[in-house]
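One structure below.
We did not get these values from a lab; they are worked out from the coordinates using the rules stated. Only a predicted model underlies this, so the values are computations on that prediction, with no experimental measurement involved. A quick note on method: Cβ atoms are made from the backbone with ideal geometry, for glycine too, and the neighbour counts reach across all protein chains shown.
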Amino acid sequence: MGPLFPQNIITEPVNLLIAVLIGTGFGFALEAAGFTNTRKLAGVFYGYDFVVLKVFFTAAMTAAIGLFFMNYFGLIDLQLIYYPSTYWLPTIVGGLIMALGFIVGGFCPGTSFCAASTGKIDAITFVGGVFIGIIGYGLVYTPVFSKLRASGKMGRVNIAEWLGISDGLFIFIVTIIALVAFVVVTKLQAKWNAKRSDEFLDDLGLDD
Amino acid sequence: MKKLDKYIMGLLFVGALILAFLPNKRYAYHQIKSKDLLYKTNLNLRYYSTDDIAKAIISKDPSILLIDVRTPKEYADFTLPGAINVPYDSITNTKNLSYFKQDVYNVVMFSNGSSLADEVWLMLSRMGFENNFVMKGGLNQWIETIIRPPRPTNLAGQKEWEQYEFRKSASAYFGGAGGQVNSNPTAPTPTPVVVPQKKTGSIGGCE
């Protein structure tokens, strides 16, 4: 019965080794989905390529459905899996800042490392920016950010519990939303691409 | 939309649909309710008397497992024959929990008085383990009743005399007063060296 590390079934070095293997798979999947291309990544915000949304929803729902089935059949104990407490205000503020950086730079932090490892110069610059941002945040944390960081504490929130419905029902609702979103964005993408000329699309460097 | 996309979406939908009807599954780390625990404690069925334990040790009863819950130092000083040491602060080590989790032996715990063994019993019963018992009175009672049994008064009936006889023989079995105090009870006691008296010649007498 999982999870392995919180129950000391595996030691920490083995845990880190498994993390390396999972990270390798993750980087491979991101590159294979084209997430090292800034045009594909920022396409969500401009409306010509919704691959980010599709991949994200597919990954999240597969993981959620798989985990809850494993929990039901006794392969894993969900209560032992760590997730951090919710601070709603700093999360919203941080999300807005990250969205701004995403649109301007074309990468989010994870994909920037993926692209930097393929050798893209703009990704390496983005990584440099990430480091400067983190160090700067750490240097001015106490006077500027500490109050914001501690505000809006809600403890460890489980949305299904918070709404008062069962876990399975909540996942079903989110899956329905995801599937509707898939259909809608596919239509949107087709409509957008049909309006543009072929040269414009070739210039963007996209396929499909 | 490509065929693969439709296939993946269909799979997710079916999975989520099944999940929607499944109940919440939470694995409770097994604990009995406090009301049940209080009831179990008040019943006082957890006690084994020192006589029972003496009988079990003498007859080599295989179903009783004696566990000394004191510190290792106290265990080394003096303990009951055949007792295992599981100190009270390492009860929840997974190695030691296996002693308490099983349903083959009756585990009888003891300490100097009753209170430490009772506390351990309470903790184990809360975790839902059955088959754990306490020797009433602990080692203090053991010494008072088995090793140095009190002689019955004139008014005592036959049962008390029989108990006294049993206790006296048990006391002899366990090594008399003090029990297993010395670490190697089979060490030979030094016998006094007998120096043969030199027979002196008779003084006087016939010459």
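Other chains' Cβ within 10 Å of A:171-180 residues: what's the mean?
On the way: counts 6, 8, 2, 1, 9, 5, 0, 4, 5, 0.
Across the residues of A:171-180, the mean count of other-chain Cβ atoms within 10 Å is 4.
Amide H to amide H, with H built 1.01 Å from N, B:Tyr48 comes under 5 Å of B:Val134, B:Met135, B:Lys136, counting only residues 5 or more places away or on other chains. In segment A:1-156, a dipole from Cβ-located charges (positive for Lys and Arg, negative for Asp and Glu) runs towards its positive end, and of A:Gly34, A:Ser151, A:Ala19 it is A:Ser151 whose Cα lies farthest in that direction. The mean count of C-beta atoms from other chains within 10 Å of the C-beta of residues in A:84-92, rounded to a whole number, is 0. With angles folded into 0 to 90 degrees, how steeply does helix A:88-105 sit against the dominant principal axis of chain A? Use alpha carbons for both and round to 10. Helix A:88-105 and the main axis of chain A meet at about 30 degrees. The dipole here belongs to the protein assembly as shown: it is taken about the Cα centre, uses +1 on the Cβ of Lys and Arg and -1 on the Cβ of Asp and Glu, and is about 520 debye.
Which residue, chosen from B:Asn140, B:Asn106, B:Pro152, occupies the Cα position most advanced towards the positive end of the dipole of segment B:99-164, where the dipole is computed from +1 (Lys, Arg) and -1 (Asp, Glu) charges on Cβ about the Cα centre? The Cα lying farthest towards the positive end belongs to B:Pro152.
Please find, in a Gaussian network model of chain A (springs between Cα atoms separated by less than 10 Å), the residue of A:Phe35, A:Phe107, A:Phe172 whose mean-square fluctuation is greatest. Its mean-square fluctuation being the largest, the pick is A:Phe172. Of all DSSP bridge pairs formed entirely within the protein assembly as shown, close to 15 percent run antiparallel.
Here chain A is treated as a Stokes sphere of Kirkwood radius computed over C-alpha pairs; at 10 °C and 1.306 mPa s its diffusion coefficient rounds to 78 µm²/s. Look at the dipole of the protein assembly as shown built from charges on Cβ: of B:Asn96, B:Pro72, B:Pro23, the Cα furthest out on the positive end belongs to B:Pro23. For segment A:84-155, the ratio of Cα radius of gyration to the globular rule of thumb 2.2 N^0.38 Å stands at 1.27. Peptide A:133-142 has a mean shielding of 0, counted as Cβ atoms of other protein chains within 10 Å of each residue's Cβ. In a Debye calculation with equal point scatterers on the alpha-carbon sites of segment B:76-147 and no solvent, what is log10 I(q)/I(0) at q = 0.15, 0.17, 0.19, 0.28 Å⁻¹? Once normalised to I(0) and log-transformed, intensities are -0.49, -0.62, -0.78, -1.46. Pairwise alpha-carbon distances in the protein assembly as shown exceed 34 Å for 60% of all pairs. Mind checking which of A:Leu96, A:Leu75, A:Leu163 has the largest fluctuation in a GNM of chain A, springs on alpha carbons under 10 Å? Ranking A:Leu96, A:Leu75, A:Leu163 by mean-square fluctuation puts A:Leu163 first.
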